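Peer 1: Got a structure for you, questions after.
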Amino acid sequence: QDLRLASPFPDLLAYADAIDLSAMDPTDIGHVPFVAIIIKAMQRWATSNGLVLGTDTIDIPFRRLDEIRAIIREMAPSVDEENFSEAVKMVSANCSLYEIPSEVSLIINDRAAAETDAASSANPSDDAC
């Protein structure tokens, strides 16, 4: 799965910002989605590194992902909060900057994909016969 949390869309960022973990009771904290927990941890990490999640490009090197995990553990009200444990497990898969696969970039950047002429079919179904 690719949630692209290194560059979250504005509504997801606003959703995470609206969650105040310090004001929640333990029952409610148990229902906070791991995605929001990761975003909150990434915001703390970004701020401590002079960056702003959602504005700056956040490219966390793989060797520094343990810092995100440590922040999540600090945020957890207790060690047995399942959603925080899930967030820790999901850091590697969801905190990297998304890059278009090189194979896809080759297709997108191919001149044949960008240039059309009179010989190009305007209706692909015409070629199906």
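Bear in mind these aren't lab numbers, they're just calculated from the coordinates by the rules spelled out. Note that the structure is predicted; figures quoted are calculated from it, not measured. Every residue, glycine as well, gets a Cβ built from its backbone with ideal geometry; the counts of neighbours run over all protein chains shown.
Peer 1: Among residues other than residue 80 whose Cβ falls under 13 Å from its Cβ, what is the net charge (Lys/Arg +1, Asp/Glu -1)?
Peer 2: Around residue 80, the surrounding residues sum to -2.
Peer 1: Another one. Based on the Cβ-Cβ distance of residue 25 and residue 98, what FRET efficiency does E = 1/(1 + (r/R0)^6) give at R0 = 30 Å, to the nearest 0.05?
Peer 2: Step by step, r from the Cβ atoms, then E = 0.30.
Peer 1: Net charge near residue 45: determine it from the other residues with C-beta under 14 Å of the C-beta of residue 45, scoring Lys and Arg +1 and Asp and Glu -1.
Peer 2: +1
Peer 1: Subtracting the Cα-Cα distance from 0.36 nm times the residue separation, let me have the gained length for residue 108 to residue 66 in nm, one decimal.
Peer 2: So the chain would gain 11.6 nm between residue 108 and residue 66.
Peer 1: Can you tell which of 49, 94, 83 shows the greatest fluctuation in a Gaussian network model of the chain with Cα springs below 10 Å?
Peer 2: Maximum among the listed residues: 49.
Peer 1: Magnitude of the Cβ-charge dipole of the chain, K/R +1 and D/E -1, about the Cα centre, nearest 20 debye? Intermediate results must be reported in sequence, preceding the final value.
Peer 2: Numbers: 9 positive and 22 negative charges, 105 e Å.
The dipole magnitude comes to about 500 debye.
Peer 1: Now for a different question. Please report the net charge: other residues with Cβ closer than 15 Å to the Cβ of residue 19, K and R +1, D and E -1.
Peer 2: -4
Peer 1: Kindly rank 41-47, 22-28 from highest to lowest mean number of other beta carbons found within 10 Å of each residue.
Peer 2: Details: 41-47: 19.9, 22-28: 9.1.
The packing order, highest mean first, is 41-47, 22-28.
Peer 1: Now for a separate question. Cα centroids of region 84-105 and region 1-42: how far apart, whole angstrom?
Peer 2: Here the answer is 16 Å between Cα centres.
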